[in-house]
Amino acid sequence: MEIKIRNLTTEQLKRLDELAKENHLSRDKFISKIITNYLEDERFLTLHQTFFNNEVKEIIHQLQVSNHTIKQATQVISQGDTNGN
């Protein structure tokens, strides 16, 4: 695949070449690396978003169960108080 970089400014091209040189890559290989990293990061973020969404659902469920248990315990304690215990 060929990537056209004609839309970049002279300053941007200069910076691109500097970064490629710092990474010991040609401009083309550096651009490919940037695109690959972007795509992998997108996938990585999507997987983690799914993981955290599922974790949050589980935590909310556990909190609801705990809240229900606390309400029941409070009712038992309140009934004991009204019965003179």
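The values are calculated or read from the model by the stated rules, or taken from the named source; none is laboratory data. None of these values were measured; they are calculated from a predicted model. Backbone-built Cβ (ideal geometry, glycine too); neighbour counts: all protein chains shown. Just the protein is used for accessible areas: all its heavy atoms, side chains included, with ligands, DNA and RNA removed. Shrake-Rupley method; radii C 1.70, N 1.55, O 1.52, S 1.80 Å.
For (1) at pLDDT below 90; (2) more than 30 Å from residue 17 (Cα to Cα); (3) in a helix (DSSP H, G or I), each residue gets a yes or a no:
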| residue | (1), (2), (3) |
| --- | --- |
| 36 | yes, no, yes |
| 46 | yes, yes, yes |
| 51 | yes, yes, yes |
| 72 | no, yes, yes |
| 79 | yes, yes, yes |
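Under the condition of being open to solvent by 70 Å² or more (accessible area, probe 1.4 Å) and closer than 30 Å to residue 4 by Cβ, the residues counted in the stretch 16-69 number 18. When restricted to residues that are in a helix (DSSP H, G or I) and among the aliphatic types (A, V, I, L, M), the stretch 21-34 contains 2. Being at pLDDT 85 or above and either in a loop (DSSP other than H, G, I, E, B) or touching a Leu at 6+ places or on another chain (Cβ under 6 Å) (or both) is the requirement here; does residue 61 meet it? Spelling it out, it is not the case that residue 61 is at pLDDT 85 or above and either in a loop (DSSP other than H, G, I, E, B) or touching a Leu at 6+ places or on another chain (Cβ under 6 Å) (or both).
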